[in-house]
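Undergrad: What follows is a single structure, and I will ask about it in a moment.
The values are calculated or read from the model by the stated rules, or taken from the named source; none is laboratory data. Just so we're clear, the structure is a prediction, and the values are computed from it rather than from any experiment. With ideal geometry, Cβ positions are generated from the backbone for all residues, glycine too; neighbour counts draw on all protein chains shown. All accessible areas refer to the heavy atoms of the entire protein, side chains included, with ligands and DNA or RNA removed. Shrake-Rupley method; radii C 1.70, N 1.55, O 1.52, S 1.80 Å.
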Amino acid sequence: GEVARSRRVASNGRYSLLVWANRLQSTYSNHVIANKQVSEVGQSGRWRYQLRAYIAPATGATGQAGPEFSMQNTRTDGIRFLTSTAGIQYRASPYEQQPGSWAIWKEDQTELAGWQVFLVQPIAAGKWYTIVVEADYDANRYIRFRLSGHGIDISIDLTSYSIAREAKSFEREAFWITLEGENLWNNCGTAGPFEYVVYYDQVKLHQFGGN
């Protein structure tokens, strides 16, 4: 895979961030993650993560997941380091049980999380969309999801979803953000090589509350 600054397409200005899953056409499905450390300490309060995303038309039919993005907040409880991940995933695969669905990384049980579909809303390749997730790291709970662009304008209350505090073997506090993409599963290579390209632009992280 590849993560790189790109001039091929941009929402605003001259550049965007390219996340290219399986650039070298291997027989694998590659989950590619662009990440940035925002802080060396865990964070409290309410956070809004906003971005624009664009699926490349040439690979629009060969994606498994993406746009996908998350805030990963590792803090200590005095004994261990636990990570609270607020994540959103678009399920691009045409073979999904619910194609064009959106999933949330939410608490299933104590210290365990998993994906759950909360919206079915396909987006088109070759178009820019604005996507937002808000999370409360004091309560370890989601707040809201927004999706807009090209006739879509959706705002969903997510306060019924908790954010798990997972033990991930991290040994220090930190706050990270990610931008991700994954090419289509190919049955261990038997279906042929697939690639998937997602561009991201106008990425904004904002704290709008806290103690």
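Undergrad: Points 7 angstrom from Cα along the Cβ direction at ARG80 and GLN98: gap in nanometres?
TA: Distance between the two pseudo-spin positions: 3.0 nm.
Undergrad: Rounding to the nearest 20 debye, state how big the charge dipole of the range 88-211 is about its Cα centre with +1 on each Lys and Arg Cβ and -1 on each Asp and Glu Cβ.
TA: 240
Undergrad: So what is the accessible area of the range 141-180 per residue, in Å², with the probe set to 1.4 Å?
TA: The answer is 51 Å² per residue.
Undergrad: Quantify, in whole percent, the carbon and sulfur part of the accessible surface of the range 68-162 (1.4 Å probe; protein heavy atoms only).
TA: 45
Undergrad: Then there's this: Ordered by residue, what ³J(HN,Hα) values in Hz, to whole numbers, does the range 47-55 give under the Karplus form 6.51 cos²θ - 1.76 cosθ + 1.60, where θ = phi - 60° and Gly and Pro are x?
TA: Working through the residues one at a time gives 10, 10, 10, 10, 7, 10, 9, 9, 8 Hz.
Undergrad: At 0.36 nm per residue, and after removing the present C-alpha to C-alpha distance, how many nm does the segment from ILE152 to GLN25 gain when stretched out fully?
TA: Taking ILE152 through GLN25 to full extension adds about 42.4 nm, to one decimal.
Undergrad: In the range 122-178, which trypsin sites (Lys or Arg not before Pro) are in a loop and have at most 16 other Cβ atoms within 10 Å, using DSSP for the loop call?
TA: Here the trypsin sites (Lys or Arg not before Pro) that fit, given the DSSP loop and packing criteria, are LYS127, LYS168, ARG172.
Undergrad: At 0.36 nm per residue, and after removing the present C-alpha to C-alpha distance, how many nm does the segment from ALA191 to ALA125 gain when stretched out fully? Before the final figure, lay out the partial values.
TA: On the way: separation 66, 0.36 × 66 = 23.76 nm, distance 2.22 nm.
Between ALA191 and ALA125, full extension yields an extra 21.5 nm.
Undergrad: Follow-up. Check the chain and count each lysine pair with an alpha-carbon distance under 24 angstrom, considering only pairs eight or more places apart or from different chains.
TA: Lysine pair count for the chain: 6.
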